[in-house]
Amino acid sequence: MEQGIRLQKYMAEAGIGSRRKCEEWISKGMVQVNGRVVTELGTRVNPKEDVVSFRGKPVEPPSETRTTVLLNKPAGYVTTSRDQFGRPDVCDLVKIPGKRLYPVGRLDYQTTGLLLMTDDGDLAYHLTHPKHHIPRVYEARVKGVPDQAAISRLERGVRLDDGYKTKPARVRILKQETDSAVIEFTLYEGKNHQVRRMAKAVGYPVLRLRRVAMGPLKLADLPEGKYRMLTEKEIVMLRKASGIKE
Ligand code: URA
C-alpha cells in the first residue's frame, strides 16, 4: 500500500482551496514539500512528517474536525476573496475562533440566500464538481409576468448570451403581481450568473434573487447575515448527495 496522502488532497483538506485549484497551484510550481518545489500531481505526503508550503508559507496540517456552516448571504457581499473593488466579503460574516471557512461555489454580489462555508476541502471539491451537481433552488423576482410558453422554454433549455444551451430545469411561477412575478428555478448545473442570464434570455430580467435550497439543505427562516452549523445528519446527507463514497 502506498504511504501518505496525495499532496492536493492534503492541501484541500487543510482548507487551502478546492482540490482542482490545489492541483493547478502544484503544477504551476507554487507548492514545496520539505523545502523543494514539487510539480508532480501524484506526490504523496505524510501529514505527521512532511512540511508543505504554499506561496512560501507553511500549510497547517489538516485539522481533525471540519466545520461547515450554512449562511444566509445578504446582498452587497462578494464570495470571492481579494475582490478588486475591495467590497465586503462573506468571510467577514462568519467568525469562528481558530477557523478559516471558505465559501462553497459562488453567489453574485447582489444575490442573497443559502451559502455553505467550510474548511472541508474534500466536501467543497465534491459539491462544486460538475459530475455530481446537486440541485440548487432559487427564487427570482422578475420584471413582468412570464407566460406558460416562457416557463416551458426555461424548463427545456434556453440559449444564453454566449451561445450555451442550458440543461433541462424545473421552473414554476410562485407568485404573480401586476408587473412582476416570483419564479422558482431548480437547476442541475451551475453556469456563471445562470438564473439572471436565463431569465433575461426569455425577456424577464431578474430584479431580486435568492437561493433557498441546495440538495437536502433548506434556507428556511434563517435571517440574512446569520449562519448556523450543519447537523451531523445534514453533513451525512450532503456527502451522500455530492457523491462522496464513505
Ligand atoms: N444564478 C445567478 O444568476 N446568480 C447567482 O448568484 C446564482 C445563480
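Laboratory data are not the source of any read-out in this text; all were calculated from the coordinates shown. If you're wondering where the values come from, they're calculated on a predicted model, not measured in any experiment. Neighbour counts are summed over all protein chains in view; Cβ atoms, including those assigned to glycine, are modelled from backbone coordinates with ideal geometry.
Observations on the structure shown:
- Per-selection Kirkwood Rh - segment 5-58 (Cα, Å, 1 d.p.): 10.6
- With R₀ fixed at 41 Å, the C-beta to C-beta distance from residue 27 to residue 95 puts the FRET efficiency at about 0.75.
- Volume per residue that the Cα convex hull of segment 108-246 spans, once the total is divided by residue count, Å³: 120
- A full extension of the chain between residue 228 and residue 201 corresponds to an added length of 6.2 nm, given 0.36 nm per residue minus the alpha carbon distance.
- The chain: most fluctuating residue of 67, 112, 178 per GNM, C-alpha cutoff 10 Å: 178
- Of all stretches in the chain that contain no trypsin sites (Lys or Arg not before Pro) in a DSSP loop with at most 10 other Cβ atoms within 10 Å, the longest one is 96-244.
- Per residue of the chain, the DSSP helices (runs of n ≥ 4 H) give a summed -39500 (n - 2.57) that works out to -5500 deg cm²/dmol at 222 nm.
- Counting only the Cα atoms, segment 135-214 fills a convex hull of 75 Å³ per residue.
- Descending semi-axes in whole angstrom, ellipsoid equivalent of the chain, from the Cα gyration tensor: 37, 19, 17
- Take the Cα of residue 240, step 7 Å toward its Cβ, do the same at residue 167, and the gap between the two points is 2.1 nm.
- Alpha-carbon centroids, segment 184-204 and segment 13-71: separation in whole Å: 35
- Positive minus negative residues near residue 153 (Lys, Arg vs Asp, Glu; Cβ under 12 Å): +1
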